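Notes follow the structure.
The values are calculated or read from the model by the stated rules, or taken from the named source; none is laboratory data. Here the structure is a predicted model, which is why all the values come from computation and not from measurement. Glycine gets a Cβ as well: all are built from the backbone with ideal geometry, and neighbour counts include every protein chain shown.
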Amino acid sequence: MTTTTIAVRHPGSLLKRAGTGLPRMIALRLLTVPLVLWALASLVFVALRLLPGSPATSLAAGGGSDQTSAQLTANAADITSSLGLDKSLPEQYWIYLRDLLHGNFGSSYFGGSSVVSLIGDALPVTIELTVAAMLVAVVIGGISGLVAALRRDTWVDTTTRAAATVTFSLPWFALGVLGIIVFGVWLGWLPVLGRLPNQLNYHPTTNFVLLDAFLQNRPELIWPWIQHLILPAFTLALSTAGFITRIVRASVLEVLGDDFVRTAQMKGLNEPQVVRRHVLRNASLPIITVLGLQFGTLLGGSTVTESVFSYPGVGVLLVKAVLQRDYPVVQGAALAIALLFTLVNAAVDILYLVLDPRLGES
């Protein structure tokens with residue numbers, strides 16, 4: 001098995017044997033990123049145009065309730081022409097791709113704000129939430145999965161697996177609402193809406209609160225930010241933690257049954273030494289792959305979670321833009337999330353190649 005071979009070979013010798021294969025595979029993996037982004041941009045573009053309703057209608061209705069039906073129709077037609085939405089779909093698509101290649105993401109139909117500035121304000125919020133949720137999920141899922149594997153077929157294993165199944169099965173919005181009711185309303189321990197208290201008067205530099213707290217020398221930002229982050233992060237993390245628990249348990253059990261583990265035990269190594277030196281290292285490859293995929297799942301789940309907690313990230317921006325048919329904002333937000341997801345998965349694939357360089361051998 002692959003895990004057995006890794007245990008007896010030194011990674012340095014594998015890297016030397018990989019030769020030019022490893023850099024070539026890394027380069028090929030990175031080249032897929034723009035292709036994935038192009039495919040997603042195209043799908044979002046087409047899906048938006050197939051949705052019922054038009055941004056022109058919403059914009060025309062904002063001109064006042066005293067408009068007659070004829071005036072409303074005329075205004076909607078003028079707005080449609082000014083936005084370029086009267087052109088054929090292939091023409092709109094070509095203009096969209098041309099603007100993307102020039103780095104022009106457009107402006108919001110509602111308010112005229114630059115899409116880049118809107119995403120620049122919202123993306124750090126989503127990254128903070130997703131990274132915090134991933135850290136919580138890895139700690140909970142990793143520890144519980146390892147303990148369940150080491151105590152296989154005991155009450156600890158049974159209880160851990162049952163809890164993992166329950167948390168993995170619960171939808172994010174249900175966990176969010178439950179957290180708001182229990183910890184926000186009944187116990188009053190945690191704030192349930194927003195990212196920071198309004199009285200703190202936060203003016204972002206990078207819009208990463210923890211970083212800004214150091215840059216601006218404002219340590220009073222940190223604890224309120226953590227308080228507002230706890231419920232959304234745990235809402236996202238619990239479901240993912242349940243899945244990670246199952247994957248870690250299965251991976252560790254597979255490695256525990258290998259010959260090199262029994263050999264290490266016969267040499268007199270105690271359980272912590274065997275786990276630390278041999279089991280975790282060899283069980284890490286499938287776990288790392290799953291973590292990359294789960295990061296994308298958390299990015300998708302942040303849309304729901306941010307809406308539940310009024311957390312001002314890309315998810316809230318995206319939902320609002322979809323409801324308004326604000327095409328540039330939807331397209332920009334979807335691309336931002338896709339870029340983040342694709343880069344994370346590319347990094348995971350590259351890490352996988354580095355940990356097991358034989359995959360890059362020619």
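Screening region 150-167 for residues that are of a type outside the set (D, E, K, R) and in contact with a Ser or Thr (Cβ under 8 Å, 6 or more places away or on another chain) and picking the one that is surrounded by the fewest Cβ atoms within 10 Å (Cβ to Cβ) gives Ala163. Counting residues in region 26-37 that are in a helix (DSSP H, G or I), modelled with pLDDT of 75 or more, of a type in the set (Val, Ile, Thr) and closer than 17 Å to Leu351 by Cα gives one or more. Residue count for region 106-125 under the criterion of being more than 18 Å from Ile95 (Cα to Cα), in contact (Cβ under 8 Å) with a residue 24 or more places away in the chain and part of a loop (DSSP other than H, G, I, E, B): the result is 1. Would you mention how many residues in region 180-223 are more than 17 Å from Gly313 (Cβ to Cβ) and touching a Leu at 6+ places or on another chain (Cβ under 9 Å)? The qualifying residues number 11. Among the residues making up region 168-193, a single one is under 20 Å from Val125 (Cα atoms) and loosely packed, with under 13 Cβ neighbours inside 10 Å: Leu193. Whether any residue in region 206-219 is outside any helix (DSSP H, G or I), farther than 25 Å from Thr297 by Cβ, of a type in the set (Phe, Trp, Tyr) and in contact with a helix residue (DSSP H, G or I) (Cβ under 7 Å, 6 or more places away or on another chain) is what I want to check. Within region 206-219, none of the residues are outside any helix (DSSP H, G or I), farther than 25 Å from Thr297 by Cβ, of a type in the set (Phe, Trp, Tyr) and in contact with a helix residue (DSSP H, G or I) (Cβ under 7 Å, 6 or more places away or on another chain).
For region 54-64, state whether one or more residues are part of a loop (DSSP other than H, G, I, E, B), at pLDDT below 85 and surrounded by 13 or more Cβ atoms within 10 Å (Cβ to Cβ). Yes: one or more hits. Does region 92-113 contain at least one residue that is within 23 Å of Phe341 (Cα to Cα), in contact with a strand residue (DSSP E or B) (Cβ under 9 Å, 6 or more places away or on another chain), surrounded by 14 or more Cβ atoms within 10 Å (Cβ to Cβ) and of a type outside the set (Val, Ile, Thr)? The answer is yes, given that some residue of region 92-113 is within 23 Å of Phe341 (Cα to Cα), in contact with a strand residue (DSSP E or B) (Cβ under 9 Å, 6 or more places away or on another chain), surrounded by 14 or more Cβ atoms within 10 Å (Cβ to Cβ) and of a type outside the set (Val, Ile, Thr).
To keep it simple, each residue is scored yes or no on (1) touching a His at 6+ places or on another chain (Cβ under 6 Å); (2) surrounded by 12 or more Cβ atoms within 10 Å (Cβ to Cβ); (3) at pLDDT below 85.
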position: Leu200; (1), (2), (3): no, yes, yes
position: Asn207; (1), (2), (3): no, yes, no
position: Leu210; (1), (2), (3): no, yes, no
position: Gln216; (1), (2), (3): no, yes, no
position: Ala241; (1), (2), (3): no, yes, no
position: Leu256; (1), (2), (3): no, yes, yes
position: Lys267; (1), (2), (3): no, no, yes
position: Pro272; (1), (2), (3): no, no, yes
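Exactly one residue out of Leu150, Leu190 is modelled with pLDDT under 85 and more than 23 Å from the chain's Cα centre (by Cα): that is Leu150. Applying a threshold of 9 Å to beta carbon distances and a minimum spacing of six or more residues, or different chains, the list of pairs starting in region 176-188 at a residue that is without any contact (Cβ under 8 Å) to a residue 12 or more places away in the chain and assigned by TED's automatic domain parsing to the domain that holds Ser310 and ending at one that is of a type in the set (S, T, N, Q) and surrounded by 12 or more Cβ atoms within 10 Å (Cβ to Cβ) reads Leu178/Thr235.
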